[in-house]
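Readers should treat all values here as calculations from the given coordinates under stated rules, not as data from a laboratory. None of the values given here were measured: they were computed from a predicted structure.
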Amino acid sequence: MPKTSKVKKKVTKAKTVTKTKPKTISKLKEISKGPIKISKTYIPKETEKYMCEKHKVFFRMKLQEWKKELVRANNEALYNGSMDDNSISADIVDQASSYTDKNVEMKAINRQIKLISEIDKALARIREDTYGFCLDTAEPIGLKRLMARPVAKYTIAAQEKHEKDEKVYADD
């Protein structure tokens, strides 16, 4: 009976070693690479390999900074909007104007919330190594397009096709 327990322990240890060994090797590779550091003035170049680690770090930083600005602006708008309540006014025209202003402001905040969601999706694509490539065709989106619109998911041709399809289905 004691021999059986020893065998089980040896098998368990062998399994554990084989399971942790690949993880250890991948961690060593990550440590040896170290985090990529870029200067604040760095701009991705066409001559560099497309979506190299420098590009990913650049776009991650750009997206995170943009997200921080949007969250701060939304918080300020919500705070200031809650402090400025003119709907109690006796004049019905003032009440209507205040309602319209708040409606426009809330629509802008909703657009920014959707944009924050798109930024989060773009950051997830960076983590998954799919950022910078079209979701339809898997072709490179291009640095110029990503610089102009960091949350871009499609090449220009694929985006135009999507917009055309949306327009056709919207008419139905």
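Laid out as a table, the results:
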item	result
Taking segment 108-154 and dividing mean pair separation by its residue count, relative contact order in percent (alpha carbons under 8 Å, at least six apart)	32
Distance violations [Cα-Cα > 31 Å] among K49/K167; K40/K167; K114/K144; K114/K164; K107/K164	K49/K167; K40/K167
Cα gyration tensor shape of segment 46-172, rounded if a/c is under 1.5, else prolate or oblate by comparing a/b with b/c	oblate
Segment D165-A124, length gained on full extension (0.36 nm per residue, minus Cα span)	12.1 nm
Subset of K54/K121; K102/K161; K56/K102; K37/K68 violating a 30 Å alpha-carbon distance limit	K102/K161; K56/K102
Long-range amide H partners of F133 with built H, under 5 Å	I141
